[in-house]
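*Asks:* I'd like to ask you about the structure that follows.
The values are calculated or read from the model by the stated rules, or taken from the named source; none is laboratory data. Small disclaimer: the values here were computed from a predicted structure and weren't measured. For neighbour counting, all protein chains shown are included, and Cβ atoms are generated from backbone atoms with ideal geometry for every residue, glycine included.
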Amino acid sequence: MKYLAITIIIMLVPLMLLGSFSDHSLLSKGSPFAGGKMSPARSWRVSSVTLEQYMMNTWGATNQFEMVYSSQYPTRLDTLKYYGWESNQREWVLYAKFSYVYDNTNEYATSSYVTMQQGGTWFPFMRSNFTYDNQHRLTYALTEMYNPQTQLWSVYMWTQVDFTSPTNYMVWQYEAETDNRTQRWMKMEFAWDAQGRIIEETDIVSADSITWVNSEKYVRTYHPHDTTTGEIFIQNFSKYMPLQNMLEDAYSDDFFGMLSYEMNKYWSGSAWVDTYQIFYTYDNADNLTQEREQHWMNNSWNNSWQLDYTFDVNGNQYQTTESYYDNGVQNFDERYTFSWEQTTANEDNTAPAVNSIKLAASPNPFGNELALTLSGKQTEAAEIRIYNARGRLVRSLAVKTNSTLSWDGRDDNQKQVPNGIYYLQVTTAEGTSTLKTLRMK
């Protein structure tokens, strides 16, 4: 990715804004606002990101991203500002702004709006609207582009998700014709493992929505430490896909969870043919430290590009370095450097933040019954979700903050669960609390 002048931005923003729905897969990189391995505590948030290009054997800053959060809801991103470095004036120039509007939960974006600045004049560029069902699952996303000549909005892309269950859904997508592409429809079909994770994705395309042909296939293998479930994937997808933007390639977090391997194939007309494969490497803290991609060329696998991730002393992602291979030689290309700040769950953003929600269990290990105590600053309705060691949801318990209830060791079908390790998780407006318990009966 080279220096993005304003004219290049206008061509690239649609692809980067829409995340991987307009890229090569259902989903790709996650969001810095998703927490996860990049940010082990919700109290940390990204304040800015600097992009540098490697040219003439040295790194030079070319772009910068500034995050503006809500003063009332400090973990909610309201605006992302995009700057370019003007070498002649020796200053940062604000090129674009991404603004987000949320529903009454302040967790799910219902719309986004992109404005561009050129020659001191701001003009509309793109807008998106997002629709959810009563389970907060993203079901529809519509993106429109603004034509300054006609002063009209036109459909650029829409995506529809048809849910039957967390392991039974299909994605439909439409891409309008532009100067660089023809009109296209696509449907994505999936296969899931027993944990509810997507292990295979098949993309089928059509030029007229009538005649369909195979296009691409993705096969994914997960790390042994991954505990993602179908429910978790859908929640992450629904909450963070609308926030994806030009920073998509900078983050190590992934909607899918901890992947260890991914294979891509294309349809030749009669068979699936290998295209590329990606290997994922993690450290002892399960932080993703490297992605290495190889392409199938001349009857052999050849290194093509590599992403290396480093983390600071707090466990937050510090830097992402991208390099490419040319005739077997690794070359630096670009790198992102992150700045983090702490925030609280109230309006006082100067004090170090704490996760004020806490879930406790006793006795642990337990036999027949487990006493669960949920404490927090405010009393509110919540739900404790209990997962087995395979990441399967076995029981959901309604509870109020600052109260105690008992789990009798039964699943949602009132059957006793077997001995083993179980993970309990609860999320409220004050944060998320997770603990592990062992049943020994």
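*Asks:* Condition (residue is among the hydrophobic types (A, V, I, L, M, F, W, C), touching a Lys or Arg at 6+ places or on another chain (Cβ under 8 Å) and either part of a strand (DSSP E or B) or assigned by TED's automatic domain parsing to the domain that holds GLN53 (or both)) applied to segment 294-304: is it met by at least one residue?
*Replies:* No, that holds for no residue.
*Asks:* Same structure again: Output the residues belonging to segment 52-90 that are surrounded by fewer than 12 Cβ atoms within 10 Å (Cβ to Cβ) and in contact with a Phe, Trp or Tyr (Cβ under 8 Å, 6 or more places away or on another chain).
*Replies:* Correct list: GLU86 only.
*Asks:* Among (1) modelled with pLDDT under 95; (2) out of contact with any helix residue (DSSP H, G or I) (no Cβ under 6 Å at 6 or more places or on another chain), which single condition is ALA191 missing?
*Replies:* Only one criterion in (1) modelled with pLDDT under 95; (2) out of contact with any helix residue (DSSP H, G or I) (no Cβ under 6 Å at 6 or more places or on another chain) is unmet by ALA191, namely (1).
*Asks:* Within the group SER406, SER339, which residue is of a type in the set (Ser, Thr, Tyr), over 28 Å from the mean Cα position of the chain (by Cα) and at pLDDT 85 or above?
*Replies:* Among SER406, SER339, only SER406 is of a type in the set (Ser, Thr, Tyr), over 28 Å from the mean Cα position of the chain (by Cα) and at pLDDT 85 or above.
*Asks:* Quick one: would you say ALA141 is surrounded by 18 or more Cβ atoms within 10 Å (Cβ to Cβ), touching a Leu at 6+ places or on another chain (Cβ under 7 Å) and within 18 Å of LEU77 (Cβ to Cβ)?
*Replies:* The answer is no for ALA141.
*Asks:* Is at least one residue of segment 262-280 at pLDDT below 95, surrounded by 16 or more Cβ atoms within 10 Å (Cβ to Cβ) and of a type in the set (A, V, I, L, M)?
*Replies:* Within segment 262-280, none of the residues are at pLDDT below 95, surrounded by 16 or more Cβ atoms within 10 Å (Cβ to Cβ) and of a type in the set (A, V, I, L, M).
*Asks:* If you don't mind, another one. Could you say which residue among ILE210, ILE234 is assigned by TED's automatic domain parsing to the domain that holds ALA271 and surrounded by 19 or more Cβ atoms within 10 Å (Cβ to Cβ)?
*Replies:* It is ILE234.
*Asks:* Still on this structure, I have one more. Restricting attention to segment 176-196, does a residue exist that is assigned by TED's automatic domain parsing to the domain that holds LEU243, in contact (Cβ under 8 Å) with a residue 60 or more places away in the chain and exposed (fewer than 13 other Cβ atoms within 10 Å of the Cβ)?
*Replies:* Among the residues of segment 176-196, at least one is assigned by TED's automatic domain parsing to the domain that holds LEU243, in contact (Cβ under 8 Å) with a residue 60 or more places away in the chain and exposed (fewer than 13 other Cβ atoms within 10 Å of the Cβ), which makes the answer yes.
*Asks:* Output the number of the condition that PHE256 fails; it satisfies all remaining conditions of (1) under 24 Å from the mean Cα position of the chain (by Cα); (2) modelled with pLDDT of 95 or more; (3) surrounded by 14 or more Cβ atoms within 10 Å (Cβ to Cβ).
*Replies:* Condition not satisfied by PHE256: (2).
*Asks:* Select, from TYR169, TYR100, TYR108, TYR82, the only residue that is at pLDDT 90 or above and over 28 Å from GLU231 (Cβ atoms).
*Replies:* Residue meeting the stated conditions: TYR82.
*Asks:* Next question. May I ask you to list the residues in segment 375-422 that are over 30 Å from PRO224 (Cα atoms) and of a type outside the set (Gly, Ala, Ser)?
*Replies:* LYS377, GLN378, THR379, GLU380, VAL399, LYS400, THR401, ASN402, THR404, LEU405
*Asks:* Would you confirm, using the coordinates I've provided, whether MET241 is surrounded by 19 or more Cβ atoms within 10 Å (Cβ to Cβ), closer than 25 Å to LEU393 by Cβ, at pLDDT 95 or above and assigned by TED's automatic domain parsing to the domain that holds GLN118?
*Replies:* no
*Asks:* I'm trying to understand the selection: among the residues of segment 370-392, which are of a type in the set (Gly, Ala, Ser) and either within 16 Å of TRP407 (Cβ to Cβ) or part of a loop (DSSP other than H, G, I, E, B) (or both)?
*Replies:* ALA371, GLY376, ALA382, ALA389, GLY391
*Asks:* Surrounded by fewer than 16 Cβ atoms within 10 Å (Cβ to Cβ) and at pLDDT below 85, is that true of ASP326?
*Replies:* So ASP326 does not fit the description; no.
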